[in-house]
């Protein structure tokens, strides 16, 4: 699924770009040739006051302003959630299986189904992520320690990482979905 991201393009000021010529390459290798080149062409480096240079750079950056699109933020949050589920969904489902959390696994399946549509509903994604977070928060430290002993892996680290990542995704989706709602 090749999705294109709308990102602002950075425009480079054309005055800063210089053509690469054999002479310029020679000047880089041989500084003495650079001095000779300056003497023969009667070119002197321009000296500017530091504030003039700063003002010019600031003006160029202001011309390249691209307005922020809230729907792009929602799309980015959905895509990040989809990529996370593709990469780490297997281990997250294993965590739900170890802890016996059917609600978290069902929410993960619901999330997968929602993200499979061309235009996923931000509220449905948010609800599924919230349910997954609640399922992980129900676990006590005793449950995590028991799972670590039984299955012989670092359940504590995996639990904390998955909980943090699901919470981060939920916060990002919530924040971006909030931008789309009319005020």
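The numbers here are math on the coordinates, done by the rules we state, and not lab data. As the structure is a prediction and not an experimental result, all values here were calculated from the model. Neighbour counts run over all protein chains shown; Cβ positions are idealised from the backbone, glycine included.
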Open item on the list: Would you confirm whether or not the stretch 136-152 contains a residue that is touching a residue at least 60 places away in the same chain (Cβ under 8 Å) and more than 27 Å from residue 177 (Cα to Cα)?
Closed with: no
Task: Lone unmet requirement of (1) farther than 13 Å from residue 166 by Cα; (2) in contact (Cβ under 8 Å) with a residue 24 or more places away in the chain for residue 102 - done: (2)
Open item on the list: Looking only at the stretch 118-150, filter to residues that are outside any helix (DSSP H, G or I) and under 27 Å from the mean Cα position of the chain (by Cα); which one of those is surrounded by the fewest Cβ atoms within 10 Å (Cβ to Cβ)?
Closed with: 118
Open item on the list: Suppose we keep only residues that are out of contact with any helix residue (DSSP H, G or I) (no Cβ under 8 Å at 6 or more places or on another chain) and part of a helix (DSSP H, G or I) within the stretch 151-171. Which one would you say is surrounded by the most Cβ atoms within 10 Å (Cβ to Cβ)?
Closed with: 161
